[in-house]
Amino acid sequence: MAGADGFFRVEKRHERWWLIAPDGKPFISRGVDTVRREADHGRAALPRSYPQTVDRKYGSLGAWQEAAAKRLLDWNFNTLGCWSDEALARVEHGGRRLAYSGTLNIGAQFVARQSPDGRANAWLQGLFPDVFHPAFAETAREIALQQCAPVKDDPLLLGWFTDNELHWEPDWMEEYKDGMLSRYLKLPGGVPGRRAAVGMLQERYGEFAEFEAVWRTGRSCFEDLETGDAVAVPFPRHWESERPADPAQAARWDAFMEDSAGFLTQVADRYFRTCTEAVRAADPNHLIMGPRFAIVPAEPVVAMAGKYLDVISFNCYEFDPTNVIKQYEVFQRPLIIGEFSFRGQDSGLPNTRGAGPRVPDQRARADAFEDYVRVALGRPNVVGYHWFEHADQPKEGRADGENSNYGVVNIEDEVYVELTERMTQVNAEAEAIHAGRQRRRP
């Protein structure tokens, strides 16, 4: 854990966490996501797309890779964030090269492989993998061998994200609003995950009558819970509900909440342990940075992330990330913000689909970027920030409809000058800001 010498690692110095670069110097990961020719695909044939622009403007993929890498380095970025073209890390400019990060999508790939047609989308459909299924560990090992092992000796690799925005808690993309225990009890009868959920309940209650007094399923024994129709939870939408006023109902509610937290702990432990063991076996040298949480999950999930991961990663689309950062800091691990962004209403894009605040213009985007980064780096645990993303989305909408001004360049590969000039300035000061030697913008 914490990375090997000669590779990126983490270290606490003077009560602040740092990434340490392979040369031994403190390093704040300043990144941009989705730096690639393909960028975001539209839902239909588009009159103009970023790949078309790249081909017309540069003539070859290699020419664009060199130009894009040099531009990022000129803006004092030092990392290629998620979904980026790793070939850009081979471009040297001014004696510097970009580090890169890898995204394994272990849980997402398992979900896709287990679906009937192999095409289920865990992110879009709000699906979560059955981490108790033997094939989950097999998938993790296979992916690690394919993706991690070949680059285990590359000093430019920052580390591995195991997934992106898994649905640990009910959120905006889920078709149903259940907690983890309810989801597993809705799995088909006899599958490992449903058996694990029932096994946890049997261990907690011992006697079925005691369980039934809380859950009131109408079934006769624990074995009946493993098969047949889904098991209904006693308090649907429990994360939004208040504790009942009636003492008897309140006692049932308390027991159910303990059941839910206990099973969530087991799921999180199995997910993080399985993923880290698979990656460590294939690549013992690089950081493991987790599944980039979309929202702050319940305490058991973050606690298990802190137990197994080198760095906890999360995405945070807020003007001020302080409150979110504080919720992760209590687990005393270094933190990387995997996505954040601000969308300008002067860009000509609809900005009607996609996360994050909308601001009036590009000057406001630059101001928001600076304020966000200075606040984040002022926290002792934050060791990196990755902007979402390199190129704007198409105004017609990408596959899921997002149509926003996230880019540092537009679809025509024209640079947003006010934003990138400010990024250049703030990025250059990142280590000093984190060390407490720079004040906030007046």
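Table for the structure above
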read-out	value
Residue match in segment 278-286 (condition: hydrophobic (A, V, I, L, M, F, W, C) and within 13 Å of the chain's Cα centre (by Cα))	no
Selected residue (criterion: surrounded by the fewest Cβ atoms within 10 Å (Cβ to Cβ)) from residues of segment 129-139 that are more than 14 Å from Leu104 (Cα to Cα) and among the hydrophobic types (A, V, I, L, M, F, W, C)	Ala135
Those residues of segment 78-100 which are aliphatic (A, V, I, L, M) and surrounded by 18 or more Cβ atoms within 10 Å (Cβ to Cβ), in sequence order	Leu80, Leu88, Ala89, Val91, Leu98, Ala99
Any hit, segment 101-119, residues being surrounded by fewer than 21 Cβ atoms within 10 Å (Cβ to Cβ) and β-branched (Val, Ile, Thr)	no
The one condition in (1) closer than 27 Å to Trp160 by Cα; (2) within 20 Å of the chain's Cα centre (by Cα) that Asn427 fails to fulfil	(2)
Residue within segment 51-63 that is assigned by TED's automatic domain parsing to the domain that holds Phe272 and either modelled with pLDDT under 90 or touching a Leu at 6+ places or on another chain (Cβ under 6 Å) (or both) present	no
Filter pass, Ile325 being within 17 Å of the chain's Cα centre (by Cα), modelled with pLDDT of 95 or more, part of a strand (DSSP E or B) and buried (at least 18 other Cβ atoms within 10 Å of the Cβ)	no
Residues located in segment 25-50, provided they are at pLDDT below 95 and at positive phi	Ala39
Given (1) outside the structural domain of Arg141 (by TED's automatic domain parsing); (2) buried (at least 20 other Cβ atoms within 10 Å of the Cβ), index of the condition Thr274 fails	(1)
Selection within segment 140-162 - among the β-branched types (Val, Ile, Thr) and buried (at least 23 other Cβ atoms within 10 Å of the Cβ)	Thr162
Candidate set: segment 295-322, residues that are of a type in the set (A, V, I, L, M, F, W, C) and assigned to a loop (DSSP other than H, G, I, E, B); chosen: the one nearest to Met257 (Cα to Cα)	Ala298
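The values are calculated or read from the model by the stated rules, or taken from the named source; none is laboratory data. Nothing here was measured: the structure is a model prediction, and the numbers come from that model. Methodologically, a virtual Cβ is constructed for each residue, glycine included, from the backbone with ideal geometry; neighbour enumeration extends over all protein chains shown.
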